[in-house]
Amino acid sequence: MSQSLGRLNNLWYTAGMTQFDSIHSLAQTVTAGTVLFEEGTAGGGIVVLLSGRLSVLKGGHLVGTISEPGAYVGESTFVTGKMRGATVVAENSATIIRLSAQQSADFLQSPGAEAKMIRTVTQRLDSANDVIRKRAERITALELALKTVLSGLTVIHQDLRNADTNPEALTEVARQIRVLVNRHGTEDLLDPPIII
């Protein structure tokens with residue numbers, strides 16, 4: 001048994017959950033794609049991950065993964081009484097323990113559980129901050145690209161207004177549009193890229 005699972009088992013007994021042989025007696029295996037929690041639904045108990053990987057999705061976007069044996073999932077909803085803040089899905093076959101609300105309360109009251117929960121919440125906040133930072137950088141890059149495209153289109157618009165029906169002038173305007181679109185349409189900003 002891993003050191004993390006050994007500590008978890010100790011917490012289990014400290015929480016007075018001795019009516020079960022061990023924490024593993026409640027273990028169940030779920031298949032890839034199994035939804036453990038749905039964002040926006042009422043809470044309940046928590047899930048303890050024994051093995052496997054869980055994907056955490058917010059608004060349908062992946063915001064994190066949980067793979068540490070002994071990690072708690074759903075504890076913030078349990079503690080706050082609020083609706084589930086994210087959807088949690090088994091990324092692969094995972095072994096979990098679903099604790100009822102009463103089992104969760106008993107388990108989280110045990111010595112050491114609070115410190116583990118604080119560490120977990122801190123790690124998740126750090127991870128969320130990284131996601132926010134990356135998205136802010138992407139938004140800044142998109143804003144800059146949009147300003148460049150709009151400025152370029154303004155120049156092209158003026159060129160079109162001043163152009164006569166001269167084919168060379170129209171060919172030059174078409175070239176400027178192509179350069180502008182290809183410069184910004186192939187960057188890491190668009191998926192799929194837009195090119196002319």
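The values are calculated or read from the model by the stated rules, or taken from the named source; none is laboratory data. Quantities reported herein were computed from a predicted structural model and do not represent experimental measurements. Heads up, the Cβs are rebuilt from the backbone with ideal geometry, glycines too, and the neighbour counts pull from every protein chain shown.
Within the range 120-138, is there a residue that is touching a helix residue (DSSP H, G or I) at 6+ places or on another chain (Cβ under 6 Å) and within 21 Å of Ala42 (Cα to Cα)? Quick ask: steps written out before the conclusion?
First, the residues of the range 120-138 that are touching a helix residue (DSSP H, G or I) at 6+ places or on another chain (Cβ under 6 Å): none.
The answer is no, given that none of the residues of the range 120-138 is touching a helix residue (DSSP H, G or I) at 6+ places or on another chain (Cβ under 6 Å) and within 21 Å of Ala42 (Cα to Cα).
Can you find a residue that is in contact with a helix residue (DSSP H, G or I) (Cβ under 8 Å, 6 or more places away or on another chain) and either outside any strand (DSSP E or B) or of a type in the set (Phe, Trp, Tyr) (or both) anywhere in the range 53-69?
Filtering the range 53-69 for residues in contact with a helix residue (DSSP H, G or I) (Cβ under 8 Å, 6 or more places away or on another chain) gives 63-64, 68-69.
Narrowing the set further to residues that are either outside any strand (DSSP E or B) or of a type in the set (Phe, Trp, Tyr) (or both) leaves 68-69.
Checked the range 53-69: at least one residue is in contact with a helix residue (DSSP H, G or I) (Cβ under 8 Å, 6 or more places away or on another chain) and either outside any strand (DSSP E or B) or of a type in the set (Phe, Trp, Tyr) (or both).
Among the conditions (1) within 26 Å of Lys134 (Cα to Cα); (2) at pLDDT below 85; (3) crowded, with 19+ Cβ neighbours inside 10 Å, the only one that Leu8 does not satisfy is (1).
Can you tell me which condition Lys134 does not meet? The list is (1) within 16 Å of the chain's Cα centre (by Cα); (2) closer than 18 Å to Leu54 by Cβ, and all the others hold. Failed condition: (2).
Against the list (1) over 22 Å from Val30 (Cα atoms); (2) assigned by TED's automatic domain parsing to the domain that holds Gly43, the condition Ile132 fails is (2). Within the range 25-81, if we keep just the residues that are charged (D, E, K, R) and touching a Leu at 6+ places or on another chain (Cβ under 9 Å), the residue that is surrounded by the most Cβ atoms within 10 Å (Cβ to Cβ) turns out to be Glu75.
Do the conditions hold for Thr148, that is, is it more than 24 Å from the chain's Cα centre (by Cα), surrounded by 12 or more Cβ atoms within 10 Å (Cβ to Cβ) and not assigned by TED's automatic domain parsing to the domain that holds Leu62?
Working: more than 24 Å from the chain's Cα centre (by Cα): yes; surrounded by 12 or more Cβ atoms within 10 Å (Cβ to Cβ): yes; not assigned by TED's automatic domain parsing to the domain that holds Leu62: yes.
In short, yes.
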